[in-house]
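**Student:** Questions regarding the structure given below will be posed in turn.
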Amino acid sequence: MTLANADDIRRALATVIDPEIRRPITELDMVGDVAVDADGHAHVDIRLTIVGCPAADAIEAGVDAAVRAVPGVTAATIEVGVMSPEQRRALTERLRGGRAARVMPFGPDSLTRVLAVTSGKGGVGKSTLTANLAVALAERGVRVGVIDADVHGFSIPGLLGLVRDGRPPSPTRVGDLILPPVAYGVKVISIGMFLREGDSGAVVWRGPMLHRTLSQFLNEVFFGDLDILLIDMPPGTGDMAISVGQTLPHAEVLVVTTPQAAAAEVAVRSGVAARQTGQRVIGVVENMGPLSLPDGTVLSLFGEGGGVAVAAALGTEEAPVPLLGSVPLSTGLREGGDDGVPVVLARPDDPAAQAIAALADALLTSGPSRVGRKLPLSTR
């Protein structure tokens, strides 16, 4: 039998992905010494990013499985250690890709498409729609991140199943970078992840603190190379909406309403406010739309026409705003939110799931062209 060598082991370890950073551990300098003795017993040293790394068990299990699968390996011993401060600093520099610390990576020249999901009022299902849309996009191979900017009413961690024992996970920190938890292939950050144990969950902040939180999410959270960043906005046109408009004036805006005339009237205001900061309203989504019943009748619990009305009010002849979709009332959509399993995964045949899937497809075909865009590459 031909025995494996250290190069064989390192090639196998390149298939092990860090669950938080989403890159091979070999690229992150997490692999130390590798040796194979004359009997085919492999010895591998692994360096975790921090003490108590929440991904430690997953990484060790992945390394062990990858090593044992190498032809010629008869046994494996995995030694797990922690990076030195110098190694962590080198890792953070590598992750930044030459970008200076605390520099926002989602500027106008970024290849990441930023979509702010807004509504005029609360209770229209904006966060539920954002969570499901993010997962639907990830299912299509899109690299997606979500910022829960609804600081006072954060709910994204629960909707994406990240809450355990009443609390979402605390993000891992590597140097001055924050690694967002990942749910269903979506990278997520929320103020709820930073509250101390025992806090009621109530966040009573005004403008300066809200702006500081947004800046931290944009500048210090390592999302990596995203295709789309969704921002779940708070309802209305308050301090956070102003901060997002000032910080990300190039962002595209998706306005969520219900069919109800009163909700539609308020939803128009959120779109107008976003446009005043330079953002572009790309479409309207009607949630809680008419539901087709088994007997063929249609239940319009919240009325009809709100989405069409909002799109008409926000559009012009030069820049029409389309109604991108109508998501019908759905118990599956509500139950998925309660269970932390988005309906697009739990019940893909549900009419609401199908409507959200169609919305994801529509967004992917309506994005801005990247032809002629300068890539952020360096030869250094």
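**Student:** Taking residue 308 as meeting all but one of (1) of a type outside the set (Gly, Ala, Ser); (2) surrounded by fewer than 19 Cβ atoms within 10 Å (Cβ to Cβ); (3) free of Cβ contacts under 8 Å to residues at least 24 places away in the same chain; (4) farther than 18 Å from residue 266 by Cα, write down the number of the exception.
**Tutor:** Just one mismatch for residue 308, condition (4).
**Student:** Which of (1) over 18 Å from residue 168 (Cα atoms); (2) modelled with pLDDT of 90 or more; (3) not in a loop (DSSP other than H, G, I, E, B); (4) not basic (Lys, Arg) is the odd one out, the single condition residue 188 does not satisfy?
**Tutor:** Here residue 188 clears every test but (1).
**Student:** Cβ-Cβ below 8 Å, separation at least six or inter-chain, first residue in the stretch 103-118 and under 19 Å from residue 233 (Cβ atoms) and among the aromatic types (Phe, Trp, Tyr), second at pLDDT 95 or above and not in a loop (DSSP other than H, G, I, E, B): which pairs?
**Tutor:** Here the result reads 106/114; 106/229, each pair linking the stretch 103-118 to a residue that is at pLDDT 95 or above and not in a loop (DSSP other than H, G, I, E, B).
**Student:** Quick one: in the stretch 284-295, of everything that is in contact with a strand residue (DSSP E or B) (Cβ under 8 Å, 6 or more places away or on another chain) and surrounded by fewer than 24 Cβ atoms within 10 Å (Cβ to Cβ), which residue is nearest to residue 249 (Cα to Cα)? Outline the logic, then answer.
**Tutor:** As a first pass, look at the stretch 284-295 and keep what is in contact with a strand residue (DSSP E or B) (Cβ under 8 Å, 6 or more places away or on another chain): 284-293.
Right, trim to surrounded by fewer than 24 Cβ atoms within 10 Å (Cβ to Cβ) and you get 290-293.
Working: 290: 34, 291: 36, 292: 39, 293: 42 Å.
In this case the residue turns out to be 290.
**Student:** Does residue 295 count as over 25 Å from residue 360 (Cβ atoms), assigned by TED's automatic domain parsing to the domain that holds residue 154 and touching a Lys or Arg at 6+ places or on another chain (Cβ under 7 Å)? Even if it seems obvious, please write down each step before you answer.
**Tutor:** Numbers: over 25 Å from residue 360 (Cβ atoms): yes; assigned by TED's automatic domain parsing to the domain that holds residue 154: yes; touching a Lys or Arg at 6+ places or on another chain (Cβ under 7 Å): no.
So residue 295 fails the test.
**Student:** Identify all residues within the stretch 4-32 that are assigned to a strand (DSSP E or B) and in contact with a helix residue (DSSP H, G or I) (Cβ under 9 Å, 6 or more places away or on another chain); write none if there are none. So that I can check it myself, show each step before the final result.
**Tutor:** Narrowing the stretch 4-32 to residues assigned to a strand (DSSP E or B): 17, 24, 31-32.
Once the filter is applied, which keeps residues that are assigned to a strand (DSSP E or B) and in contact with a helix residue (DSSP H, G or I) (Cβ under 9 Å, 6 or more places away or on another chain), the stretch 4-32 yields 17, 24, 31.
**Student:** Still on this model: With respect to residue 105, determine if the residue is within 29 Å of residue 176 (Cβ to Cβ) and exposed (fewer than 14 other Cβ atoms within 10 Å of the Cβ). Before the answer, list the steps.
**Tutor:** Values: within 29 Å of residue 176 (Cβ to Cβ): yes; exposed (fewer than 14 other Cβ atoms within 10 Å of the Cβ): no.
So residue 105 does not fit the description; no.
Residue-by-condition table, conditions (1) touching a residue at least 12 places away in the same chain (Cβ under 8 Å); (2) assigned to a helix (DSSP H, G or I); (3) exposed (fewer than 15 other Cβ atoms within 10 Å of the Cβ):
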position: 60; (1), (2), (3): yes, yes, no
position: 67; (1), (2), (3): yes, yes, no
position: 73; (1), (2), (3): yes, no, no
position: 87; (1), (2), (3): yes, yes, no
position: 93; (1), (2), (3): no, yes, yes
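**Student:** Criterion first (within 19 Å of residue 180 (Cβ to Cβ), under 12 Å from the mean Cα position of the chain (by Cα), modelled with pLDDT of 95 or more and among the β-branched types (Val, Ile, Thr)) does residue 117 satisfy it? Steps first, please.
**Tutor:** On the way: within 19 Å of residue 180 (Cβ to Cβ): yes; under 12 Å from the mean Cα position of the chain (by Cα): no; modelled with pLDDT of 95 or more: yes; among the β-branched types (Val, Ile, Thr): yes.
Criteria not met by residue 117.
**Student:** Right, here's the next one. Does residue 45 satisfy the condition of being over 30 Å from residue 251 (Cα atoms) and touching a residue at least 12 places away in the same chain (Cβ under 8 Å)? Reasoning before the result, please.
**Tutor:** Values: over 30 Å from residue 251 (Cα atoms): yes; touching a residue at least 12 places away in the same chain (Cβ under 8 Å): yes.
Answer is yes for this residue.
To keep it simple, each residue is scored yes or no on (1) outside any loop (DSSP other than H, G, I, E, B); (2) over 24 Å from the mean Cα position of the chain (by Cα); (3) modelled with pLDDT under 95.
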{"residue": "294", "(1), (2), (3)": "no, yes, yes"}
{"residue": "304", "(1), (2), (3)": "no, yes, yes"}
{"residue": "320", "(1), (2), (3)": "no, yes, yes"}
{"residue": "341", "(1), (2), (3)": "no, no, no"}
{"residue": "344", "(1), (2), (3)": "yes, no, no"}
{"residue": "349", "(1), (2), (3)": "no, no, no"}
{"residue": "358", "(1), (2), (3)": "yes, no, no"}
{"residue": "367", "(1), (2), (3)": "no, no, yes"}
{"residue": "370", "(1), (2), (3)": "no, no, yes"}
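**Student:** Then there is this: Looking for something farther than 30 Å from residue 27 by Cβ, in a helix (DSSP H, G or I) and within 20 Å of the chain's Cα centre (by Cα) - is there at least one such residue anywhere in the stretch 219-233?
**Tutor:** Filtering the stretch 219-233 down to residues farther than 30 Å from residue 27 by Cβ leaves 232-233.
Of the ones still in play, those that are also in a helix (DSSP H, G or I) are none.
No, every residue in the stretch 219-233 fails to be farther than 30 Å from residue 27 by Cβ, in a helix (DSSP H, G or I) and within 20 Å of the chain's Cα centre (by Cα).
The values are calculated or read from the model by the stated rules, or taken from the named source; none is laboratory data. Predicted model only: the values in this text are computed from it and were never measured. Cβ sites come from the backbone with ideal geometry, for glycine too, and all protein chains shown count toward neighbours.
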